[in-house]
Every structure is written in C-alpha cells, then in structure tokens.
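This report concerns only the one structure given below.
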There are 4 protein chains.
Amino acid sequence: MKIGKETVPRTAISTADAHSITVRGVDLCGDLIGKISFTDYFHLLVTGTRPSVKAAAIIDATLVAIAEHGLVPSVQASRMTLAAAPDALQGAVAAGILGCGSVILGASESAGRLFDDIAAYARDHGTDIDTAALAVVGEYRAARRAIPGYGHPLHKERDPRVNALFEVARHHAIDLCYVDIAEAVERVLPRVIGKELKLNVSAAIPAVLLGIGFPLAALKGVPILARTAGLIAHLTEELEHSIGFALSYQATRELVFDGTQLVRS
Amino acid sequence: MKIGKETVPRTAISTADAHSITVRGVDLCGDLIGKISFTDYFHLLVTGTRPSVKAAAIIDATLVAIAEHGLVPSVQASRMTLAAAPDALQGAVAAGILGCGSVILGASESAGRLFDDIAAYARDHGTDIDTAALAVVGEYRAARRAIPGYGHPLHKERDPRVNALFEVARHHAIDLCYVDIAEAVERVLPRVIGKELKLNVSAAIPAVLLGIGFPLAALKGVPILARTAGLIAHLTEELEHSIGFALSYQATRELVFDGTQLVRS
Amino acid sequence: MKIGKETVPRTAISTADAHSITVRGVDLCGDLIGKISFTDYFHLLVTGTRPSVKAAAIIDATLVAIAEHGLVPSVQASRMTLAAAPDALQGAVAAGILGCGSVILGASESAGRLFDDIAAYARDHGTDIDTAALAVVGEYRAARRAIPGYGHPLHKERDPRVNALFEVARHHAIDLCYVDIAEAVERVLPRVIGKELKLNVSAAIPAVLLGIGFPLAALKGVPILARTAGLIAHLTEELEHSIGFALSYQATRELVFDGTQLVRS
Amino acid sequence: MKIGKETVPRTAISTADAHSITVRGVDLCGDLIGKISFTDYFHLLVTGTRPSVKAAAIIDATLVAIAEHGLVPSVQASRMTLAAAPDALQGAVAAGILGCGSVILGASESAGRLFDDIAAYARDHGTDIDTAALAVVGEYRAARRAIPGYGHPLHKERDPRVNALFEVARHHAIDLCYVDIAEAVERVLPRVIGKELKLNVSAAIPAVLLGIGFPLAALKGVPILARTAGLIAHLTEELEHSIGFALSYQATRELVFDGTQLVRS
C-alpha cells in the first residue's frame, strides 16, 4: 500500500558494500573503530559531524547525569518484565524505554522547546529574557500546558544534577544563553503559578545541549540513550538476583479494592 | 501476589536523598558529571568499577563497531513505527530494540557463551584451543544449535569490523585468549559444517570484551546500547524526512498473495 | 520515590483469593468462563457492565473491521522483529502494537474526540450538525490539527468497511447520532480543505461505538485489541514461513544513499 | 541487505483492492463485518477456517480465563508506563505484553509442547498416558527444564480456572485426550520432583485448545490476545485514576540498598 507521496526511501547516514561500511562519510573500520569514543560517534551519527572537545564534554555530562536514578518507575517496569520473561533482555529494555514519555524523561525535549520559544520571543519582540520567559510561560499556563523541567518529587530544592551540569557548561565556556533562559523560567514561575518550582535535570539537559548547537529534534534521544545504559545495569543485576516479583509484591501490599463485591448469581 | 520466595527488593546500583545521588559508591553530582565519559560510566554502572584505560578503549570500539549498519530490519521496523506514531519516539526506539534478538544482535552474547564453553573445555580437558573448539562446536552441531557469530549476508569474507576490533585489542595488548578461540572456531567450522563461515562482528565483540573481563551476563547489553544510538540517528532523520511508509510500500511491491481466492457467499 | 500525591494504589477491576477470582463483581470461574463471549467480557472488563446484545454486535463488528488489512507497516515491523528475534513472540506483537499511533490506528480515538466536540458544539450553540461540523472542522484546520478518520491511501472512495459498519449500526437500530456527525464532516470537508476526503474505518469505528455509549477514553483500545489478533495470525504465518527478511530486502532495493561520500582520511 | 535465501514476500492471510478486502478467502465487508464474532474471526485469521461451535466455545473460555487476574507484574509495568508516558497508550500496552514471557503467560505454549511430547511418546512407545507422562517429565527434569503449567503462587490447590475450563471441555464433548495428559502430569509430578504441584491455568489452556485442534504454533498468541483486553481495561482505569506512581512508591518502601556506601573523593 502506498501511504503518502514518497515511494523511494533515502538515507544520509550510512552505506556499505562487501568490504567496507561508510558512516557519515567516514570509513567505519579504518577511521572510526578504535579511533573515536562512543559519545563522539553518537554526535557524528545524529548530526553528521564530529563534536568539538567542549561539545563532547557536554554530551558526556548530560548522558552521565540522566542515566541512573535508582528504582524509578521505568526501571521497575523493566525489571518486572525481565522477571516474567527472562529470555528476552531486549524486551525488558524496551519496556523500560517505553516509560521515557512526556511526564518523566521526555521532559528534556519539551523543556528544550520551551527555551527555544522563549529565545524566539525575546528575539522577535526585542525583550530581555525575563520578560520573554514571563510571556511564554504565561501563554503555556493559559493553554493549560505543563511547564516541563521544573519541580522534582525528591529534590525539592534544586535537583543537584542541575548545578553540576551548569558548572560543566561554565567550565567549558559554551554558550550559556539557554542556561540563562532556564534560570529565568525558574525566577518567573512563582509569579505565574503561585509557587516555587526549582530546575530539575530535564531542564538542565536541554539548557546545556542547546548551548552547543545540539539539534532540538534529537534532544529526546539523549535521555533515552542514557537510560538504556542504566537499564542494562539494572537488568544485569536482575539476572544475578531477581527482585522483579518482590517489587510487584510490595507494590500491592496496601492495595485497596474499591470495585463491586462479588455478586453470586 | 507473592511470586517466589523473596519479598524485599534490594539493589546495589544507586541510592539518593534530597541533596545527592550516589551511584556505585560515587557521588554523581560531585565526582561523575563532567568527570567521567559515558563509556566509562556504562562500565561503572554495569560492573561497579571504573574501567582501565585499555578496557574503556575496547568498550568504545565495540559500541562504535555495532551501532550502525544502515537500514537493517530493526532500523526499518523502528522507522515504520515512527512514521505511524510520530509522537512517541520512545515507542519507535523500543520497536527497534525488540529486533535485537537471537538471530541478529543477540548473537554477541551467545557467541560469548560459546567461547566461554570452549575455554572451559580446554581447561578441563587439558587440550589446545583447536581441539576444544572442534569438540564444542561439534557438540553444538549435534544438538542442532546454531553457531553464533559466523557468516554474514553482506560480508562474505571476514566482516571488516572483525579485523578492526582485533587490531584495537592487539594495540592495547589486552588478553587475546578469546580472540584466539574465535579464530579457532573459524578454522574448525569447515570440518564440522562442511563450509567456510567467516567471523562476523557478533563474534568479534565478545572475543575482545571477554578479554577485558567484561561480564558474560552483560554482553547482550552492548549491542543494545550501541544500537540505541544508531536508532536515535535514524529516527532524527525520519522526523526530518520520513521514509517509513516508502519502505513499507517498496517491501510489498512484489508481494505474492498465495492464499484462498475470494469465495463469494 | 514518591511521585504525585497518591500513595495507596486502588483498583475496581478484580480481586482474588486462593479459591476464587472476582472480576467486576462476577465470579470468574463460576459465572464467566464458558458463559460469556470474549467480546462481552472485554466490555465487562473495560466498563464494568455486560453489553446489550446490540452493543455486543457493534463491538464485534468494529473488532472484525479493523483487525486485519494485509502487510501494513506495523505488520511488517512485527514480522521483521520476529524474523530477527524468533524466540520472543511477545516482542514481535509489542513491536506491531507500537505502530498503533496517531497517524494510523490511533485515529479512531481522535476521530471520536472530533465527533464529541461537534456534538457538544451543536448542543451548546443550538445549531444543526452541519453547522457544528463546519465550525469545529474549521477550528481544527485553523489550529493546523489533522482531521482524523478521512481519506485512505488505497480506498480513495469510501473505505468499504465504513458502509459495512454503518449497515450493522442501522440493522441493530443503535443511536445513529455520531454516524450522522461523521457523515456531516465528510460533507463539509471540501469547503474547509478544498478537496474531498471520504470516511475511512477509523472514523466509522468511533461513530458506531459512541452510539452504544462505549467510553471515549477506551476507544483507542479497540483497534489495539483487534490488531493484536491480526498480528498473531501474521506471526503464526511468519513462524511457518518467514518473510521478515524478504520484506526488508525488498524495502531497500531502490534505496538512495544521499549522504556524504567516503572521505578517506 | 539480503538475509537468507528468500527475497519475495508472500502471505496467505489477506489481500485488498480499492473496493474490497479479502481475508482468508472471505469478503471482509460483505460477509464478515456484522456476521462473525471476534472470537470466530480470530480463529479464521490464525487457521484459515471458521471454528465449529464447540471450538469457538473453547476459545472464548480460554480467552476469558486468562484475560485478567488483577495487578500482576505485567499489569503493574503497563500502568507505570502509562503514568510516565500518558500520551502513548500503545506503548503501555506493549510494555504489558512484553511481560508475557516464558515464566508467566508464555507457559501456555510450553505446556502445550510438553503435552504434545507426551502424546507422541505414548503413541511411539505404545504406553499408557501415565507411563508416557512419567517418562517425559523425567526427561525434562533430567535436562533441568522447568515443568510449565503446574503450581501457582496464590492458588496452591488447583487453580480454580482449571476446573472451569475442563468443565467447558466436557460440556462441549471435545477431545479430552490432552486434558487426560495434563492430569497425568499432575499425578506423576510428586514422584519426579518430590512434591505436589497442581495444574494452573497455563496448563489447562493448551489442554483444551489442543483438544479442538488449535495449532501448537499459535498457542502463545491466546494469552497475549486475552491479556491485551485486560491491559486495556487497566489502562482505561489508569487514565481515570492513576496509580502507576503509587505502585512504584509502595514497591520501594522497604527497598534495601546493599551497594557500596558513598566514597567521598
């Protein structure tokens, strides 16, 4: 079935023949394996160019920041899945990644779009960043859209990963424009929503990645790649010592059944 | 419901409080973000220790080797999934990872187990590696088990990634014992199965990773992590220029319907 | 970690003890197994009540209508996944379901919401249905939202499943209000978008399901459940005679590589 | 890339043109929609033929038996996934299905293969069923293979769904040969493994489905289809009243961290 107008697939990422594999114009076997780090290769794959030293440092920092935070819901889902289907590691990884949605890890991308909107507003209206932040956050609020990247269930004060990432950004002297925007949002939030919500890691990641020119469209991939590393660690532990069923047992110990009681026919 | 005997979950990977996150005994925000590469962090997460310089080089090389090989079936599945469900990047990544099974990317782990069996045989029986390889591969064959990691649909001679990885291993002077075993299997295969099948990347990866002491149980995670990076590149391209439906159109252009013709009632 | 305010899980669907399982207030083993069809049970599970005879007929008709339409992209993704990972049927089913997104099978739910918006507009503004349809479709268009459920790549005239479903609805004399709305949208579309787009199955499904009071929030589940049946048929065929790799081979026969040519370093 | 020998895909399930869709030789719009139940259609899709009345009754009974059993691990994983990614219902369904593996719902298929092995043994060796069961279960035990379908964490005596299913089988007078085999295994188990393990639903399902000639290769699909219905009910409830994060909170209330304590650098 022909869906849409295009019928000839095309790609710019890689090509291969019997003797070689070319990725983004570079010979994989001759010039990449053993000669490029995985982080730099991720940048090359996604953008088509090798990162600068400072850009690579920022990408490494964000991947390290978001890879692991204990038995969060998606890790629990992944470990329960492996306990039930131990032969299919890929299925358990997939189950964990499926929890990288709008509420939790997907907030990196939507926070990036928020910052981009604010930068555009300031540019288009010739305002300073706080004015732009107030206007755009106000629009989000009026449209009942969530403000992604602020507030954290455990880290009520600023998520400690935020300052760590911003420090890396300052150390490498990248463009701090989006860091400034992220902090402006934090400042204006109380005026818009009536309470303080501090920056969390999902706002800090786009703030520093946009500062190295990392594409907005690929932002969501960063927490997904990072979390895959964390999931593999958890699933390796799960294979050694399974807790998937212990988690599900605990989860329902205080379960309330509030449905219809048995009606004998 | 209590399934199994254990009811109290436990983990050794990480813990957190309001102000800090500790991963494998290290302060994430103070001592890891900005101070460790993602590759080293992956090793720390999975094994609990930081890798040596040479071990990190080997892990980088394997991740780079297996991350991308064009529009392979799992990448096609992933891009078709994004074309149909463009709002859920995580779903498309998950669909791509679900193809990392026994036939394709999962062969890294099963090849690792084969090499481990051969090493054990040589040790237990006091034989040389070729004798052990012949015995173990013969046993696999007798039990109709596939010999994972040999032969490639495109790279009929040795997969070019194999020599690239072995060169990295030699350059860093890691333990080459499993490289020797992998090559012994290649040598004995014609005697067991009656034809030559050359080493492919899924045999080379465990051959070098086992040489740095990377745990057998985590082997399958390496191609999954690597492929996630490749999938994110493809999905970023898919968002810019969708080919998912063009692929599905092409796939069925020569489709043969060999079912029952319409029976009008 | 405590996310959100609620900490005690509750459910109204089912409960069990060592000797019995109660689902929606009914004894599963005494009063359901062998005494209720799967379709009626699906309604009981989702809504808490058994369907009327006509409601059950409508649900059956929609599930049958959408379960199978050949090698559509999500079926291809599923079969490629099974070819690559034949030991994990559940992974291949999951990969197929992941393609039930906004563009393809998810349109049932969004079309249902469109019809609901039109019904609300007519009610609130005291207009006839065509006026309401014109207003709401115009708003969607102005907001650049897709109009879900109209147009089909193969069935350029009305998708034949539409009339079949509407005939079942008329035969069982259900509330046709949403069928009327669906046809009103078809009538007004040329005025809004400048071309004819005929009803497809994803508009007909909510049109008849809303007419039996099926909950809007569960609409998306109907094509997912239906498609699972189709996927299992395809995967059973795939296990007997694999075409997953043939599909991926065909898909790339005309592939254009439009990236950077090899740059020898 | 050409993987394997076949390059031309073929299917016998369905075909379509602009005006009609043919499934298993029947006109979908003229002769199936509104005229066949979803359960009968599932049988038609998978096997190519319509089921007899008694076969349809058995399939309905098995689907009803296994669709729902409360907040089992895969349902928890699914609800946690929806809580984290509420926009992608298909992702949460997929996460739930990924838990239908060898340990839990996949046991239906492996129990079916066990019964088939026992039937073959009795036929080939001319023994009665108990002798065959003892021999085959003994072989499984010697090979350290799990005996699928016996024992249940909650239903320590026979799972109540077993007798309900067997009653349906007797009521419809289907071939009870596999029911007899399933009970023979229950009888011989204490002699082989030293303790009683009663039949659970995953043994009863293949016992009755094989008795209507349902194909062994499609057995695993039955619990997957059934569970999809249960998952949709749970996810509809989750959208109304989310407990995904409450489950994950409860799951870790007694979590023990047994890793390395923080080492300040």
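The values are calculated or read from the model by the stated rules, or taken from the named source; none is laboratory data. The shown structure was predicted, so the numbers you read here are calculated from the model rather than taken from an experiment. Backbone-built Cβ (ideal geometry, glycine too); neighbour counts: all protein chains shown. Ligands, DNA and RNA are stripped out before the accessible areas are found, and what is left, the full protein with its side chains, is counted by its heavy atoms. Shrake-Rupley method; radii C 1.70, N 1.55, O 1.52, S 1.80 Å.
Data table
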{"read-out": "Furthest towards positive pole of dipole, B:122, B:92, B:43, structure part the range B:20-161, Cβ charges", "value": "B:92"}
{"read-out": "Mean projected area in nm² (Cα convex hull; one quarter of hull surface) for the range C:107-218", "value": "6.7"}
{"read-out": "Reach of residue A:195 by Cα under 26 Å, taken over lysines that are not fewer than 8 positions away in the same chain", "value": "A:156, C:2, C:5"}
{"read-out": "Mean separation of Cα contacts under 8 Å (6+ apart) over length of chain B, as relative contact order %", "value": "25"}
{"read-out": "Debye intensity ratio I(q)/I(0), log10, chain A, q values 0.08, 0.10 Å⁻¹ (C-alpha model)", "value": "-0.43, -0.66"}
{"read-out": "Area hidden from solvent between D and B (accessible, protein heavy atoms only, 1.4 Å, total, Å²)", "value": "3100"}
{"read-out": "In the range A:192-254, the trypsin sites (Lys or Arg not before Pro) that fall in loop regions by DSSP, at most 10 other Cβ within 10 Å", "value": "A:195"}
{"read-out": "Exam field: residue A:49 pseudo-label spacings to other copies (7 Å along Cα-Cβ), nanometres", "value": "4.1, 6.3, 6.6"}
{"read-out": "Tensor-based shape of the range B:221-265 (alpha-carbon gyration tensor, a/c under 1.5 rounded, otherwise prolate or oblate)", "value": "prolate"}
{"read-out": "Distances in nm from residue C:153 to the matching label points in the other copies, shortest first (labels 7 Å along Cα to Cβ)", "value": "2.1, 4.0, 4.3"}
{"read-out": "Average Cα contact separation per residue, the range B:65-114, under 8 Å, 6 or more apart, as relative contact order %", "value": "30"}
{"read-out": "Farthest positive-ward along chain A dipole, Cα basis, beta-carbon charges - from A:19, A:103, A:213", "value": "A:103"}
{"read-out": "Sequence-distant residues sharing a close amide H with residue B:10 (under 5 Å, placed H)", "value": "D:256"}
{"read-out": "Carbon and sulfur %, accessible surface of chain B computed with the full protein complex present, 1.4 Å", "value": "49"}
{"read-out": "For chain C, calculated [θ]222 nm from helices alone, where every DSSP H run of n ≥ 4 adds -39500 (n - 2.57)", "value": "-17500 deg cm²/dmol"}
{"read-out": "Other copies of residue B:256: label-to-label distances in nm, shortest first, labels 7 Å along the beta-carbon direction", "value": "3.1, 6.1, 6.2"}
{"read-out": "Alpha carbon convex hull of the protein assembly as shown, projected area averaged over orientations, nm²", "value": "41.7"}
{"read-out": "Distant-in-sequence amide H partners of residue B:26 (H built 1.01 Å from N, under 5 Å)", "value": "D:263"}
{"read-out": "Low-density loop positions, GluC sites (Glu not before Pro), the range C:115-214 - DSSP coil, at most 15 other Cβ in 10 Å", "value": "C:157, C:196"}
{"read-out": "Principal semi-axes in Å for the range D:16-75 [√(5λ), Cα gyration tensor, largest first]", "value": "28, 15, 9"}
{"read-out": "Inter-centroid distance (Cα atoms) of the range B:164-203 relative to the range D:201-265, Å", "value": "41"}
{"read-out": "Simple Cβ-charge dipole of chain D, Lys/Arg +1 and Asp/Glu -1, about Cα centre, in debye nearest 20", "value": "600"}
{"read-out": "Total charge dipole magnitude, the range C:107-218, about the Cα centre, Cβ charges on Lys, Arg, Asp, Glu only, Debye to nearest 20", "value": "400"}
{"read-out": "Isotropically averaged projected area of the range C:74-128, using the convex hull of Cα atoms (one quarter of hull area), nm²", "value": "4.5"}
{"read-out": "Placed amide H near residue B:214: partners under 5 Å, 5+ positions off or other chain", "value": "none"}
{"read-out": "Diffusion coefficient, µm² s⁻¹, Stokes-Einstein with Kirkwood Rh over alpha-carbon pairs of the range C:58-161 at 4 °C and 1.567 mPa s", "value": "80"}
{"read-out": "Set of lysines near residue D:54 by C-alpha distance (under 20 Å), chain-local residues within fewer than 8 positions excluded", "value": "C:35, D:35"}
{"read-out": "Per residue, in Å², the accessible surface of the protein assembly as shown once ligands and nucleic acids are set aside, probe 1.4 Å", "value": "35"}
{"read-out": "Taking the range D:107-218 and dividing mean pair separation by its residue count, relative contact order in percent (alpha carbons under 8 Å, at least six apart)", "value": "38"}
{"read-out": "Selection of GluC sites (Glu not before Pro), the range A:228-263, meeting DSSP coil and at most 13 other Cβ within 10 Å", "value": "A:254"}
